[in-house]
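Participant: Once you've had a glance at the structure underneath, I'll fire off some questions.
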Amino acid sequence: MTTILITGANRGIGLELARHALSLDWTVYGSARTRAQADRMTSHLPGLKPLVFDVTDHAAVRAAASGLDVPIDILLNNAGIIGPERQSTLDMDFSGFAETLAVNTLAPLAVAQAFLPNLRKSAKGRILTVSSQMSWMGYGKSDRIAYRASKAAVNKVMQGLATDLEPENINVGLIDPGWVKTDMGGAEADNDASVVAKGILAVAETFALTHTGKFFKWTGEERPF
Ligand code: NDP
């Protein structure tokens with residue numbers, strides 16, 4: 001049976017990822033920032049095993065990992081933020097930019113490092129990080145530049161992690177979930193979170209060495225960085 005850990009599982013895409021993984025009879029660990037959020041999460045999803053940490057609190061992430069002596073097959077770095085109100089290259093809220101990098105770029109690596117012992121216990125450990133089409137280097141769009149930069153940077157970090165973990169057969173990749181109806185995506189977005197979650201888990205389930213270091217749409221199609 002597959003064991004998965006999903007960060008930011010208390011709402012949005014993460015909650016739907018957890019719901020779908022449970023429906024597949026997987027063992028599901030889901031993180032939330034506070035105990036109260038974790039309690040609400042498990043009341044929605046009985047069977048889910050809650051972990052409590054803020055992904056930017058690396059000591060708390062390490063403490064959660066050291067309390068978990070089980071193999072993890074899939075780590076899904078999902079937690080993310082859109083960044084500050086003021087995030088233009090000409091008028092930047094720099095502390096908001098730093099927080100965006102802390103959540104979207106640094107935290108996925110910190111979580112991956114902390115849970116690496118668990119991934120090493122699996123015969124087919126995989127690390128997938130939810131990135132965004134807004135990271136794409138092929139165009140010059142400049143709105144929400146802190147968010148775009150944080151996702152472009154996490155792409156590079158995870159591509160490097162893929163290289164470093166390839167000798168251990170731990171496969172690392174990035175997912176573009178499209179535009180999704182959540183608090184972040186808004187009601188006008190293209191896709192329901194439940195549909196996207198199913199697609200992401202299908203990618204995760206079959207994620208192999210030939211995929212490591214690459215960027216995939218939630219539909220399974222490889223996409224350019
Ligand atoms: P939501 O805003 O709906 O949910 C974000 C989740 O991340 C929440 O569970 C939130 O927890 C958690 N989170 C945020 N900051 C932290 C933190 N410091 N520590 C722990 N958890 C945290 O967003 P979505 O579900 O839409 O987004 C999920 C992922 O998908 C993100 O990485 C996002 O960038 C990405 N994405 C989303 C798109 C969309 O259209 N929705 C498009 C492209 C990418 P809390 O409730 O405590 O805030």
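The values are calculated or read from the model by the stated rules, or taken from the named source; none is laboratory data. None of the values given here were measured: they were computed from a predicted structure. As a convention, Cβ positions derive from the backbone with ideal geometry for all residues, glycine included, and neighbour counts pool all protein chains shown. SASA here: full protein model, heavy atoms, side chains in, ligands and nucleic acids out. Shrake-Rupley method; radii C 1.70, N 1.55, O 1.52, S 1.80 Å.
Participant: Starting from residues that are of a type in the set (S, T, N, Q) and touching a strand residue (DSSP E or B) at 6+ places or on another chain (Cβ under 7 Å), keep the ones in the range 59-81 and report whichever is farthest from the ligand (Cβ to nearest atom).
Facilitator: Going through the qualifying residues, I end up with Asn77.
Participant: A follow-up question, please. Give all pairs with beta carbons closer than 7 Å in which a residue from the range 92-115 that is under 14 Å from Ala59 (Cα atoms) meets a residue that is charged (D, E, K, R) and in a helix (DSSP H, G or I); count only pairs at least 6 apart in sequence or on separate chains.
Facilitator: Going by the 7 Å Cβ cut-off, the qualifying pairs are Ala114/Arg62.
Participant: Quick one: count up the residues across the range 23-38 that are open to solvent by 40 Å² or more (accessible area, probe 1.4 Å) and more than 13 Å from the ligand (Cβ to nearest atom).
Facilitator: 3
Participant: Name the residues in the range 157-177 that are farther than 21 Å from Ile13 by Cα and in contact (Cβ under 8 Å) with a residue 12 or more places away in the chain, would you?
Facilitator: Within the range 157-177, Val157, Gln159, Leu161, Ala162, Thr163, Leu165, Glu166, Glu168, Asn169, Ile170, Asn171 meet the criteria.
Participant: Select from the range 193-216 the residues that are of a type outside the set (Ser, Thr, Tyr), free of Cβ contacts under 8 Å to residues at least 60 places away in the same chain and touching a helix residue (DSSP H, G or I) at 6+ places or on another chain (Cβ under 9 Å) and list them in ascending order.
Facilitator: Matches in the range 193-216: Val195, Leu209, His211, Gly213, Lys214, Phe216.
Participant: A follow-up question, please. Of all the residues that make up the range 1-22, how many are open to solvent by 30 Å² or more (accessible area, probe 1.4 Å) and among the aliphatic types (A, V, I, L, M)?
Facilitator: The qualifying residues number 2.
Participant: Does the range 40-58 hold any residues that are within 13 Å of the ligand (Cβ to nearest atom), in contact with a Pro (Cβ under 9 Å, 6 or more places away or on another chain) and assigned to a helix (DSSP H, G or I), and which are they?
Facilitator: Met41
Participant: Which ones in the range 74-114 are buried (at least 22 other Cβ atoms within 10 Å of the Cβ) and in a loop (DSSP other than H, G, I, E, B)?
Facilitator: Residues satisfying the conditions are Asn78, Ala79, Gly80, Gly83.
Participant: Okay, moving on. Do the conditions hold for Arg62, that is, is it at pLDDT 95 or above, basic (Lys, Arg) and either closer than 25 Å to Ser150 by Cα or open to solvent by less than 50 Å² (accessible area, probe 1.4 Å) (or both)?
Facilitator: yes
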